[in-house]
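As structure tokens, the structure follows; a few thoughts come after it.
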Amino acid sequence: MELEKKQQAFEVALRELTGANPKLAEALRKDHIDLKTLNDVEIIELFWATELFPIYADKSPHTRRAYKLDLEFILNFVMTKTDGLKSLTVLDIHRYLFEVNEQYAPRTTQRKNHMLKRLLTYLHVNQYHLHNLAFHVKNQQRPELLRREVDFDEIERIAESFRYTVKRAQKKDLMELRNETIGYLLLTTGMRAVELLSTKFTDVKRNQHTSYLEVKGKRDKWRRIPLTEKATHLVNRLQTLMMIEEVSSPFIAFSTKKANKAITYEALRLMTHHAVDHVTNEEKNPPHWFRRAYITKLLANGNSLIGVMQLAGHESISTTNQYLQSLTHQLSLSNVDLPFK
């Protein structure tokens, strides 16, 4: 009886790990992972489940999404440009490196190359490849592109233009106020995009001096970010208008397509691009540009490096110092407590 219970528990755990695919479950039943009976898609699925998920499970949704996109890129390359995982050659690896280097920035290239190295090592360790092709994966030495310098006046105009990115007619006033609030929070809090998307109305707190946000950042670290009076006003107005329009959601950046969900990162990215288009025809900029502007101006206003590091939620002070170095080419600005009013 005890043995049967253990067997049932094992079967449940196995289904959670491999889904409903019996071939994946069978590949794990031996004293080594048997990949020979699986196709390329199934091998990638098993690689994610056994090699990556236990390590990356505690990462942010944005990070996990990036790793999944890396695996999808590898799988697409293998299925369209090679004879399959089993028949990969050194020449295939160099074609992959060239294609990644041509399409992506250096940091993204390095991440995608690291994912390929990990997969190739996995295939070799599990006796799917005789030789470890990971040794042939090298990071190209292409210099990182210069980032566009922050223009504080322009980025403030872009934030104000978020309300003009609404195309739909239904509940237009509510959508415009939501987008305006999103743009203004990006401008005045320096939050990462994924942090803003997970921010709820209940995260807005107030003490006897000011309103602030309690933000959960990387590695589940909490920090407090002070809010300007306008930011507090916009959030309160948004919550009131949602009640009038009978729209219910815990998220400030609420979705109109999925109940009790926030908008996606892709939707926020497109919103940012449309706001940029409304102001200028220059190159498009991601939501992270607002975070860079916030941190850079905090430093320009004379705030301490350690204080800005804590406010921004950086894990290392060297990351904050990179923003400080970019200020050498910018004009001095008046000293204020918060970068935007």
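Let me make sure I get this right: for segment 161-306, a, b and c are the square roots of the gyration tensor eigenvalues over alpha carbons, sorted descending. Under 1.5 in a/c it's rounded, otherwise prolate if a/b > b/c, else oblate. Which is it?
oblate
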**Q.** Accessible area (Å², per residue) of segment 53-123, counting only protein heavy atoms and a probe of 1.4 Å
**A.** 54 Å²
Q: Return the subset of Lys81/Lys138; Lys30/Lys117; Lys23/Lys138; Lys112/Lys200; Lys23/Lys117; Lys68/Lys221 for which the Cα-Cα distance in this structure is over 27 Å, preserving the input order.
A: Lys23/Lys138; Lys112/Lys200
Q | Principal semi-axes in Å for segment 210-282 [√(5λ), Cα gyration tensor, largest first] | A | 22, 19, 16
Q) Which order do Trp48, Trp222, Trp289 take when ranked by solvent-accessible area (1.4 Å probe, heavy atoms of all protein chains), largest first? A) Trp222, Trp48, Trp289
(Q) Over the Cα atoms, compute the radius of gyration (one decimal) and Dmax (the largest Cα-Cα distance, rounded to a whole number) for segment 151-191, in Å. (A) 10.8, 34
**Q.** Rg over Rh, two decimals, segment 17-126 (C-alpha only, Kirkwood Rh)
**A.** 0.96
Q) Can you pull the three principal axis extents for the Cα set of segment 68-107, in Å, largest first? A) 28, 22, 13
Q | Accessible surface of segment 106-257, 1.4 Å probe, proportion on carbon and sulfur as whole % | A | 49 percent
Q. Which cross-chain or sequence-distant (5 or more) residues have an amide H under 5 Å from the amide H of Ala262, H modelled 1.01 Å from N in plane?
A. Ser255
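The values are calculated or read from the model by the stated rules, or taken from the named source; none is laboratory data. Bear in mind that the values here come from a model prediction, so they are computed numbers and not experimental data. With ligands, DNA and RNA removed, areas are computed over all heavy atoms of the protein, side chains included. Shrake-Rupley method; radii C 1.70, N 1.55, O 1.52, S 1.80 Å.
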